[in-house]
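The structure under discussion appears below in the form of C-alpha cells.
Just so it is clear, none of the values below were taken in a lab; they were calculated from the coordinates. Keep in mind it's a predicted model, so treat the numbers as computed, not measured. Every residue, glycine as well, gets a Cβ built from its backbone with ideal geometry; the counts of neighbours run over all protein chains shown.
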Amino acid sequence: MRPAHVSKIPRGVDLEEAYIGAELLSFDLKPQGVFIAQVAQACKKDGKPLYRQLAVQVPRRAAKTTSTTMLALGRMVSRPGYKIISTAQTGDIARRMWREVVQMLDQKYVGMEDEDRPYKARVANGTEELRWSNGSTWRPVTPSPLSYRSQAADLLIFEEAGHIAPELAADLRAGAFPTMDTRPGAQVWIIGTPGRARAGLLWDALVAGREGRSGYGLVDYTIGDDQLITNEDGTLNEKLLRKVHPGISSGLTTMEVMRERFAGMSPFDFAAEYAGQWPADGTTSAIDMEAWNAGAVPQVPLPERFGVAYDVAPDSSSAAVCAAWRDEEGVAYIGILEHRQGVSWLARTVHGIGKKHHLPIRYDGIGANHGPATEVDRMRGVKVISSPARDMQGATQALVSALADGKLRHFDQGSLTSAAEGAAWRQSEGGRYFARKASANDIAPLVAASLALWEFDQTPERRPITIRRATSA
C-alpha cells in the first residue's frame, strides 16, 4: 500500500540499517516501514541526507513507532558514536517509549549476562541513556528547549508530534535543531498522528513535505480533506479505511478491531487517529480552488431532468436558488438560477420554478429557510422538502467528492465562485458541513447547489411505462 503522499525516492537506497534494526527487534519490516526507511535513508551524492527533516504520518496500529525505532537502532549499531535524542508530548511519555525500546532489546538478548550484551541501559528518571558498544547513544528528554542545551545530535526524534503543544513548536525548533549544527549528516524525524489543530511541528512538516520544499521528506498516509471516514448512514467506510490504513493490509490489525475502535470514538477522533485526517478549522478551505477553477465551463440550457434547491443566509440578507444535474457519465453540473438580496422575492420565484418544471424544491431544514418553505407550501402545487442533518452532510460530501474526482462542472458565475472561495468547514458529531458563520463570503449559493445535486441524486429517473398486451396463441 503506497502512502497518499511520499517524497521522491532515488534508486538504490541502502536499507541494510533498517534490516539490522528489524533483526534486533525480531520484527518484520512491513511495506510502510520500507517507505519510511527509503525516504529517511535517501542520500545526496556526497552521502548527506537528501531530506534533513522527515515527517511521518501513519495511522495507529500500523507499526509507525516500531518502523522508525528499527531504523534508529540500525543506525546506532552501524555508525560508531551516533547520537540520538528523542522526545514526545511529555517527558514521561518520551521515557516510557524509550523504555519499551530497551525492553525489546532485553527480549532479544534474554539469558545473556549484562556484561556480555552489546549495550548498556541506564534507567534513572530524567537521565536515561542507551549506550551501544561502539559509543552510540540514545537519550529521551522532556520537550523543552532546556533539554537540548549544550547537546549534539545526529538524529532528533519527535514522537507523537501532532500532540506536542503548537506553542512549543517555535521554542523546540530554536532549542533542539541547533544540536545538529556540527553534525553534517544529521536528521530530524517528526512522527505522529493528527493533533487538535492545524499547527505545530507535525503539521508544519507535513505541509512542507507536501509542497515539495527542498530538504523536507514525507511519508503520509491520509484520506485528506475531501473524503469522509463515514458512509451516508454514519457507519464506518471500511473500503476507504482499507485504502489508507497499512496495518490492515500488513496483518498488524483487523477490520474487526477497527470496528470496535470506531464504535467507541467520535468519527472525527477516529478519522484523525486511524485515517490521518486533520480536524477542520478556520484556516481550512472547504473547496479546492484549483480544482474549482478547472471545472468552469460555458453555461448550457437546463436539461429535461434536474434538481432544484434554495438557501437563505443566516441573517436573511440574501438567498439563492440553484439547479444541478449529472450527465450520462456521472459528471455533475451546478448553476445559479437566482441570487438576490433579501428574501421577499424567494417564495414566488421558487414556486414558479417548481410549478413550471414539475419539480420539488429542497432546502436545509434550519433557521431562516423555514419561512419561505411555509410560503411555498401555502401557494400549493409545489412540494418542498426539508433536509435533515444527515442529508446536509451527504449533500456537502457529494459535491466535494465530485470536485475531488474531477467530475464537477459549474458556469463560473461570480457569486457561486465567491461562495466557493470563502467556504469553510463546520464539524459536528454527525459530520461536516459548509460553515455559514465561519465562512468569509456568502455561501448560500454553494449550499443551494449542493442540495440541488443531492435532490437530483435522490430522485430516480422517470421511465415511460410500457403496457404489454397479451396475444392469443
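A Cα-only calculation for the stretch 349-463 places Rg and Dmax at 14.6, 43 Å. In degrees between 0 and 90, to the nearest 10, how far off the longest principal axis of the chain does helix 444-458 point, with axes built from Cα atoms? Orientation of helix 444-458: about 80 degrees from the principal axis. From the list (i) -0.48, -0.70, -1.11; (ii) -0.64, -0.84, -1.19; (iii) -0.56, -0.74, -1.15, can you say which value of log10 I(q)/I(0) by the Debye sum over Cα atoms at q = 0.07, 0.09, 0.13 Å⁻¹ was derived from the structure given? Entry (i). Over the residues of the chain, the helix contribution to mean residue ellipticity at 222 nm works out to -11000 deg cm²/dmol, using -39500 (n - 2.57) for each DSSP H run of at least 4.
Taking every C-alpha pair closer than 8 Å and separated by at least 6 residues, the mean separation divided by the residue count of the stretch 33-147 gives a relative contact order of 26 percent. Scoring 354-365, 105-116 by mean Cβ neighbours within 10 Å over their residues and listing the highest first yields 354-365, 105-116. Phi angles across the stretch 164-181 convert, under the Karplus curve 6.51 cos²θ - 1.76 cosθ + 1.60 with θ = phi - 60°, into 3J(HN,Hα) values of 6, 3, x, 5, 7, 4, 5, 5, 5, 4, 5, x, 8, 4, x, 5, 9, 4 Hz, Gly and Pro given as x.
Here the relative contact order of the chain, from alpha carbon pairs under 8 Å that lie six or more residues apart, stands at 15 percent.
Bridges between two residues of the stretch 1-142, per DSSP, are antiparallel at a rate of about 65%. Counting neighbouring beta carbons within 10 Å and listing from fewest to most, the residues Asp391, Asp171 come out as Asp171, Asp391. Of all lysines in the structure, those lying under 19 Å Cα to Cα from Lys45, and not within fewer than 8 positions of it along the same chain, are Lys8. Rounded to the nearest 5, the antiparallel percentage of DSSP beta bridges internal to the chain is 50%.
By its C-alpha gyration tensor, with a ≥ b ≥ c as the square roots of the eigenvalues, how is the stretch 177-296 shaped: rounded for a/c under 1.5, else prolate for a/b larger than b/c, else oblate? Since a/c reaches 1.5 but b/c is at least a/b, the shape of the stretch 177-296 is classed as oblate.
Between helix 64-78 and the chain there is an angle of about 30 degrees, using the helix long axis and the longest principal axis of the Cα atoms. Counting only aspartates and glutamates at least 8 places from Lys108 when in the same chain, those with an alpha carbon closer than 18 Å to its own are Glu17, Glu23, Asp28, Glu100, Asp116.
Taking 18 Å as the straight-line reach from the Cα of Lys243, the lysines in range (excluding those fewer than 8 positions away in the same chain) are Lys30, Lys64. Ordering Thr179, Thr254 by the number of other Cβ atoms within 10 Å of each residue's own Cβ, fewest first, gives Thr254, Thr179. Taking 0.36 nm per residue of sequence separation and removing the Cα-Cα distance, the Met255/Ala389 pair yields an extension gain of 45.5 nm. The amide H of Leu54, built 1.01 Å from its N in the peptide plane, has Val188, Trp189, Ile190, Gly217 as neighbours under 5 Å, considering only residues 5 or more places off or on other chains.
For Cys43, the amide hydrogen comes within under 5 Å of the amide hydrogens of Leu50, counting only partners 5 or more places away or on other chains and with H modelled in the peptide plane. Where does helix 389-404 land angle-wise versus the long Cα axis of the chain, in degrees 0 to 90, nearest 10? Relative to the chain, helix 389-404 is tipped by roughly 70 degrees.
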